[in-house]
Amino acid sequence: MGRFKKLAPAVLAVGVFLGGCAATGAASSVDTTVESATTSQTSSTAEVASSDSSSTSGDVDWDSLQTTEVTLTDDGLDITEAGTYILSGSTTGQVTVNTDGNVRIILNGATIESSDGAAIQVDNAELTVLELADGTTNTVSDASTRSDEEIDGAIYSSDDLIITGTGTLDVTANFADGIVGKDDLTIESGTINVTSADDGIRGKDSLVIGDATITIDAAGDGMKAFNDTDLGEGVLSITGGDITITSGDDAIKAEQELNISGGTINIEESVEGIEAPVVTIDGGDITIYATDDGINASASDIITDGLSITINDGNLSITMAEGDTDALDSNGDLTINGGTVDITAQFAFDFEGTAELNGGTVTVNGEEVTEITESMQMGGGEGGQGGGPGGF
């Protein structure tokens, strides 16, 4: 998409003057065909800083679509037409999307604290882009209960969702999950802070993390790609960014495949740090603290063979809690071709297939190793040699 331009004089500014909808208690429904002459409260044509998201927004010509500036009220907002919507102000209602077209929502200092269900809910759209305006902080939280418990995110999209921009988004999920995409979920950029009663960020078919700064404090999983029924989906990719996760379960998880090629990842607390049937690390600076497995290749409901961990590059530091824990645990093959792997653990390696150390620097409890050997314990901590097979 192109840079956001000044609002044209014919653009509608929607605010507290939507009295007809407010009188019924229903959400305000924006009809982009209404001319600005219908209200005397048209806002000024101020510029909103917007990132160029054309690379991941398909071939959408956003400049050709209607642009609407909205001052939120407690009636919330129902979006039923394609276009760009610039949201400011605050509401205790919901922002919903139901259209066959493309929708871009620019949060420009908006506070959406829903008292009934999800805060932002996309029921239908060709593509929804959620953009964080430069220099703004935006707050989103959902209700702790709802009539439809399938809508389990504070931000929930039934279709493809892209989050982009250079502003800040603070998400509090009181019901379950922070951000949920039921198709492809892409987080390109922005500063995103999620606190959730269950999972932090979930994309079904895919979850792609680009150059974003993300902090997650989740009672459940931190981030995950969760399609376990359609072969080739359920893929999580991290290409950059700065990610910090505190989780009550798995920090980063995919049901089918997980790829990390860049970025800085700090997993401060987890049960499983990184988990998927197939884990490939091609780069990045990764720090993990886990109480079960640091990196785990394990079967899911759809992928039961071909399990593997492959480390080609990157800098990894893995610290394990005491007990029957493994830093690198593959229920298939384990291969290290390059990079730097620094492990602090009683059991460093556990694998059921083959294990190869072809390159890189691998250090276990301060000692560099030149091969991967199973069923050996390092360090002589609690558990002794009777701790069972665990790793090098």
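A few remarks follow.
- Local electrostatic count at residue 361 - Lys and Arg +1, Asp and Glu -1, tallied over other residues with Cβ under 12 Å: -4
- For region 259-354, the Kirkwood hydrodynamic radius from C-alpha pairs, put into Stokes-Einstein at 20 °C and a viscosity of 1.002 mPa s, yields a diffusion coefficient of 165 µm² per second.
- Sum of side-chain charges, residue 82 neighbourhood, beta-carbon under 12 Å (Lys, Arg +1; Asp, Glu -1): -3
- Within region 132-233, GluC sites (Glu not before Pro) in DSSP loop having at most 15 other beta-carbon neighbours inside 10 Å: 149, 150
- Ordering 307, 294, 276 by Cα displacement along the dipole of region 266-310 toward the positive end leaves 307 in first place; charges were set at the Cβ atoms of Lys, Arg (+1) and Asp, Glu (-1).
- Computed about the Cα centre, the dipole magnitude for region 238-332 is approximately 280 debye when only Lys and Arg (+1) and Asp and Glu (-1) carry charge, each at its Cβ.
- Test item: Cα-centred dipole of region 170-236, Lys/Arg +1 and Asp/Glu -1 on Cβ, debye: 100
- For the set 274, 372, solvent exposure ranked by accessible area (probe 1.4 Å, protein chains only) runs largest to smallest as 372, 274.
- Cα-centred dipole magnitude for region 116-247, charges only on beta-carbon of K, R (+1) and D, E (-1), debye, nearest 20: 360
- Highest mean first, the peptides 201-212, 329-340 sorted by other C-beta atoms within 10 Å per residue fall in the order 201-212, 329-340.
- The accessible-area ordering, largest first, of the residues 164, 145, 71 stands as 145, 71, 164, per a 1.4 angstrom probe.
- Just so you know, the averaged projected area of the alpha carbon convex hull for region 304-364 sits at 4.1 nm².
- Sequence of 130, 357 from largest to smallest accessible area, 1.4 Å probe: 357, 130
- Residue 226 - accessible surface, heavy atoms, 1.4 Å probe, Å² rounded to 10: 30
The values are calculated or read from the model by the stated rules, or taken from the named source; none is laboratory data. Since the structure is predicted, the reported quantities are computational estimates derived from the model, not experimental observations. Here Cβ is always computed from backbone atoms with ideal geometry, including for glycine, and neighbour counts include all displayed protein chains. Only protein heavy atoms, including side chains, enter the accessible area calculation; ligands, DNA and RNA are left aside. Shrake-Rupley method; radii C 1.70, N 1.55, O 1.52, S 1.80 Å.
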